[in-house]
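Novice: Could you have a look at this structure, given as structure tokens, before my questions?
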Amino acid sequence: MAAEKKSKYIKLTWLLVWSPFLILFFLITLISFEVFFDLPSVEELQNPKSNLATVIYSSDGKTLGKYYAENRVNVKYYELDPDLVNALISTEDARFNEHSGVDIKALGRSVSGILTGNMNKGGGSTLTQQLAKMMFPRQKLSKPKMVLQKLKEWVIAARLEKNYTKDEILSMYLNKFDFLNQAVGIKSAAQIYFNRNQDSLEIQQAAMLIGMAKNPSLFNPIKKADTTLHRRNVVMMQMVKYGKLTQQKYDSLKKLPLGIIFQPEDHNDGLAPYFREYLREYFMKDWCAKHINPETNKPYNIYKDGLKIYTTIDSRMQRYAEEAVFEHMTDLQKLFTKECKTKKNAPFAWNVNKEQIENIMMSSMKRSDRYRSLKNAGLAKEQILAEFKKPIKMTVYSLRGDIDTTMSPWDSIRYYKSFLHTGFVSIEPTTGYVKAWVGGVNHRHFKFDHVKVGRRQVGSTFKPFVYALAIQNGLGPCHQVPNVRTCIDLPDGKQWCPDNSDGNKGTGKMITLRKALAGSVNYVTAWVMKQYGPDAVINLVRRMGITSPIDPVPSIALGTPDVSVFEMVAANATFANKGTYIQPTFITRIEDKNGKVLEEFIPTTDEVFSEQHAYAMIQLMRGVVDYGTGSRLRGRYKLTNEIAGKTGTTQNNADGWFMGLTPELVAGCWTGGEERSVHFNSTNEGQGASMALPIWGKFFQKVYADKSLKLTKAGFQKPANMGDVELDCSAYDAANELEISDNGLEIDN
């Protein structure tokens, strides 16, 4: 009897010992058969969904920026710094290479720690389990359901181990982890915290990032540097423990500061923000609507589908363009701000009355987000205006950086009107590739793009198109016409008789087309227009890529149309490309996340001029730079290579332009106020040669100084057969009394 009782107790003891394991096995079996909830399918495990950033690349292989819902770009295992891998395994899962998703030994230590109260024995979750939790996040659950959820993660971890190699699991973990501050994944984290690639981190940098894996909010290097530093050293100590770092090396590294080079990724920062925003808002929005992602059967999403956009922008040229804009516009703005202090209506011109200023201000107010918000809240017009005139604390832009101040929103509108703006773009004429694009002075505060979106009156930069029509019809650069006033009859019975902008009444003598364009003589431009008419000019510029609306009136000869900088530079590139127009291209190809090419972009072309006529136009436009209104490129900027160009200044100095052509690069620039009534008083400061040309000059100084760009400064290639076209006009010009100053004679209208 005693023996039976003893046997009964032994069986009961073993039952108590093994029952948890039996229950655990039973629960796991039920979970595997999806009794309690669904498990990820094999397809979901093999092709896990994750939001991947679309990356924009420059032509020289640099990352210009990203579009993302999560700032993640996946990397392969071989692209990881070995110290990252060693730190991760040493700290988070020392037996990673020995278990199959669930580490029974680590689990036992964890349970023992809970029972004994010794929490230093470590956690039981493996890296694979942590990955499962990141891939299929937990919901808020009750404690019983949380136990089942934990078991579910064990099953998922085991299946992950079955479908992926250990190396793949490690890279998936580091790609998936959110390191905060818009750094999702190790590639973004390395860039944002250390401005490095993930394959070239220092040991202490790798240790800091891995240290964040325990609790990124607690070990946030930006907000809790001391805590993060301590955690980094703990990670390195773990590396010492597992033989991945020597004690001597650790003793040296632990004394180093975090060394953060914090570069948060913001669409307002980095290279080419105006270009990237145009690409996002206009081009890619349309492209995605027309292309279906076979994985989702929906249009591609630039924020989640991990597209790769390869552009024609050269990061070096882009940087030089932005530097040139910053340098010149800083000086120009200081000059304009000084002038504004003497203006009664500042920043508006002296001849703008109070009613006109009020209309400008009201129009700007109604375009603001603040106005729309107040209107949606049900406020009447008078109430909204009263709110706008109440002083509030705000941060405003200045040349010295952002300023915290107290100002009414109404006054801030007027304050921002005082800033001058610009648009600059450079195109490779032989390919049509856009190499640099600067749409304004500061994308954070002034988001409007002045390269492609904005259109402004072009002034005398339109004149070469009128002269090109004359060249195309057989006249040469040395053809002489009377330097006298020309009138053109209009359909309403009136006449159009433009004067020269400087009041010059003409010499009455003959003047060559080359010298007339160099001096931007309106009398001669009107004469050419009279020969061929506005319709012929419009037909020509349409073939050269200008699509902006143009009224068929004679005054277009002097630049009355509003045209974008982008169109003007592309049209001028036709002259530099031996008469062939190439549609400007800023993307070469788009790939999906796996590198499959979705589309390649090949520009269309049109032979507008013969090679001989194009070369004649180049020689005609060279006069502008050699001795005309663009001559300061020679004197002030010391650019001695062959350059063709044209300056432009519109009425009252509202717009300043310069177009400059070389065989390798064509670039153009516009500068002016947001409102046409915001401008310099004097043509000396307000003309295109002063407002726009310096950006061109500074840019080319920089690109020529960079030997890695391999620009040759070669001259324009003369066609083998120029026929009887005369190019040397020096004998005719010497007999001409016209004097051309650096201030220019351009018009304007």
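Novice: Taking 19 Å as the cut-off for C-alpha to C-alpha distance, list the pairs among 646/698; 133/214; 66/452; 62/187 that go past it. Present the calculation step by step, with values, prior to reporting the outcome.
Specialist: Details: 646/698 17 Å; 133/214 14 Å; 66/452 21 Å; 62/187 14 Å.
Over 19 Å apart, Cα to Cα: 66/452.
Novice: Continuing with the same structure: Please report 193, 282 as a ranked list, fewest other C-beta atoms within 10 angstrom at the top and most at the bottom.
Specialist: In order of increasing Cβ crowding within 10 Å: 282, 193.
Novice: Follow-up. In segment 338-388, with Lys and Arg counted as +1 and Asp and Glu as -1 at Cβ, which of these residues, 361, 348, 377, has the Cα nearest the positive end of the dipole, that is, farthest along it?
Specialist: 348
Novice: May I ask for the distance between the Cα centers of segment 166-214 and segment 638-668, given as a whole number of Å?
Specialist: Measuring centre to centre over Cα atoms gives 47 Å.
Novice: Provide the FRET efficiency to the nearest 0.05 for the residue 597-residue 406 pair, computing r from the beta carbons and using R0 = 60 Å.
Specialist: Efficiency, from the Cβ-Cβ distance: 0.65.
Novice: Gap in Å between the Cα centre of segment 682-730 and the Cα centre of segment 512-540?
Specialist: Cα centres, segment 512-540 to segment 682-730: 22 Å.
Novice: Using 0.36 nm per residue of separation minus the Cα-Cα distance, give me the extension gain between residue 396 and residue 98 in nm, one decimal.
Specialist: Numbers: separation 298, 0.36 × 298 = 107.28 nm, distance 5.84 nm.
Extra length from residue 396 to residue 98 when fully extended: 101.4 nm.
Novice: Could you please rank 370, 276, placing first whichever residue has the fewest other Cβ atoms within 10 Å of its Cβ?
Specialist: On the way: 370 14, 276 25.
Final ranking by Cβ density, sparse to dense: 370, 276.
Novice: In whole Hz and in residue order, list the ³J(HN,Hα) couplings for segment 691-696 that follow from phi through the Karplus curve 6.51 cos²θ - 1.76 cosθ + 1.60, θ = phi - 60°; x for Gly and Pro.
Specialist: Each residue's phi maps through the Karplus curve to give 8, 10, 3, x, 5, 4 Hz.
Novice: Ranked by Cβ crowding within 10 angstrom, fewest neighbours first, how are 219, 446 ordered?
Specialist: Ordered from fewest to most neighbouring Cβ atoms within 10 Å, 219, 446 come out as 446, 219.
Novice: Based on the alpha-carbon gyration tensor of segment 292-361 and its eigenvalue square roots a ≥ b ≥ c, which shape applies: rounded if a/c is under 1.5, prolate if not and a/b is larger than b/c, or oblate?
Specialist: oblate
Novice: Separate question: What is the distance in Å between the Cα centroid of segment 556-602 and that of segment 279-357?
Specialist: 17
Novice: Can you order the peptides 67-75, 350-358 by their average number of other Cβ atoms within 10 Å per residue, highest first?
Specialist: Peptide ranking by packing, descending: 67-75, 350-358.
Novice: So if I take the alpha carbon set of segment 522-615, get Rg, then get Rh from the Kirkwood formula, what is the Rg over Rh ratio?
Specialist: Details: Rg = 17.1 Å, Rh = 15.3 Å.
Rounded to two decimals, Rg/Rh equals 1.12.
Bear in mind these aren't lab numbers, they're just calculated from the coordinates by the rules spelled out. The model shown is predicted, which means the values in this text are computed figures rather than measured ones. We place every Cβ from the backbone using ideal geometry, glycine too, and count neighbours over all the protein chains shown.
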